[in-house]
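Read the figures in this text as sums done on the coordinates, not as results from a lab. Just so we're clear, the structure is a prediction, and the values are computed from it rather than from any experiment. Virtual Cβ from ideal backbone geometry, glycine too; neighbours counted across all protein chains shown.
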Amino acid sequence: MEETCAGVVKIIVDAAIDAERMGLGVIVKNDDGFVLGGFGCVKETTINRQRANDIYLQLKTFEAAVI
C-alpha cells in the first residue's frame, strides 16, 4: 500500500536501455492514486541519454524528488 500526502502529485518514471534504443514511460498520479496522465516513447539511445540527463537536472530543482 502506498503512503500519500494531501496535495502531492506522484510522478512515476521507468526507463529501459539497450545498445540501440531507450524506452521511457511516465505516469502522474494525484494524492488519491488517481492517474492524471502519462506518456511513453522509444527512441535512439544517444538522443534519450541527453534527454534523461536533462530531466534529472530539472528534477534536482524540486524540494523533494525520488529517482
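Spin-label pair residue 27-residue 13: with each label point 7 Å from Cα along the Cα-Cβ axis, the two points sit 1.7 nm from one another. Taking a straight line from the alpha carbon of residue 60, these lysines sit under 16 Å away, with near neighbours fewer than eight places off in the same chain left out: 10.
Of the chymotrypsin sites (Phe, Trp or Tyr not before Pro) found in the stretch 9-63, those that fall in a DSSP loop while having at most 14 other beta-carbon atoms within 10 Å are 34, 62. I need the fraction of alpha carbon pairs in the stretch 7-66 separated by more than 20 Å, rounded to a whole percent. Cα-Cα pairs of the stretch 7-66 separated by over 20 Å account for 34 percent.
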